[in-house]
Amino acid sequence: MDIAAERIDRLHDLARAAAADGEDERAKHYVRLARRVAERNRLSLPRTFKRFTCDACDAYLRPGVNARVRLQDGHVVITCDCGHHARYPYE
Amino acid sequence: MALTPETLPRHELNGLPVRVVDSDDADRIGIMGRVVLETTKTLSIELCVPPEADRWRCDEAGERRENGDSRVLTVPKSGSVFEFAITDEAAGDEKSLGTASKLADTQPADFPADCAGEDVAYVTVDGSRLLSRPARRTETKGDSPWQ
């Protein structure tokens, strides 16, 4: 695992911890930085990272706190507080 | 490529326990805490436990600080020397921080040498080596100290 992938992992943990502490702005900074590192190094983000961050406002999503999770027919809809929806399928 | 003393200048600094060893501004020497935000030219350090003397001065000046609230200080990278504490586990254990800084006082490390504590290594890095955008730092090829 190279440094960039490790940095992304670490930023993911930091973002989660910051969000849990209520430091939302700080969590957003970490999420943005992780995205930027992935972009510069041509890495894809881990699936958990994609599922727990908002594409529109970079917030780290905590279901029940700043995100709503609803099951629809064949897919999950996650709604961020900013109003953005993300969908992914389930079996 | 784990976080080692050699790779630290290219690795993630956010969340690491840090101490300002030397600085152009004498008031900044001795700042201890955790890196919470990095910009091209500065590191923001959240003080874990504000030192007594510091708290005093703040009360005197009647400044913004509330009791028990953490303060975030911004330290310029250029002209400062930072000492990072690296643990073997994921970084940012606040528990290890207390012992880390105490040990560091007794035996300051030279870059890139690390003093081996109990799975805590102290790395002293000149701030000018960290001068670059947070996302760009990783990309410099090789771990040569001349880049």
Checklist entry - Looking at the range A:43-91, which chymotrypsin sites (Phe, Trp or Tyr not before Pro) are DSSP coil and have at most 15 other C-beta atoms within 10 Å of their C-beta? => result A:Tyr90
Item to check | Residue-averaged beta-carbon neighbours from other chains (10 angstrom radius) around A:2-8 | outcome: 6
Checklist entry - Rounded to the nearest 500, what is chain A's calculated 222 nm mean residue ellipticity when only DSSP H runs of at least 4 contribute -39500 (n - 2.57) each, over all residues? => result -14000 deg cm²/dmol
Checklist outcome for this item: Quick shape check on the range A:52-91: root eigenvalues a ≥ b ≥ c of the Cα gyration tensor, a/c under 1.5 is rounded, otherwise prolate if a/b tops b/c, else oblate, and it reads prolate
Checklist outcome for this item: Residues of the range B:12-28 that bury at least 40 Å² of accessible area, probe 1.4 Å, when all protein chains are present rather than the chain alone, are B:Glu12, B:Asn14
Checklist entry - What's the buried accessible area, both sides, between A and B using a 1.4 Å probe, rounded to 100 Å²? => result 1700
Item to check | Shape call, chain A: gyration tensor on alpha carbons, a/c limit 1.5 | outcome: oblate
Checklist outcome for this item: Each residue of A:19-31 has, on average, a number of other protein chain C-beta atoms within 10 Å of its C-beta equal to 2
Next on the checklist: Can you give me the % of accessible surface on the range A:3-89 that is carbon or sulfur? Probe 1.4 Å, all protein chains present, nothing else counted.
Outcome noted: 44
Checklist entry - With every protein chain present, what is the per residue accessible area of the range A:3-89 (1.4 Å probe, Å²)? => result 56
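The values are calculated or read from the model by the stated rules, or taken from the named source; none is laboratory data. This is a predicted model, so every value here is computed, not measured. Cβ sites come from the backbone with ideal geometry, for glycine too, and all protein chains shown count toward neighbours. What goes into the accessible areas is simple: the full protein's heavy atoms, side chains included, and nothing from ligands, DNA or RNA. Shrake-Rupley method; radii C 1.70, N 1.55, O 1.52, S 1.80 Å.
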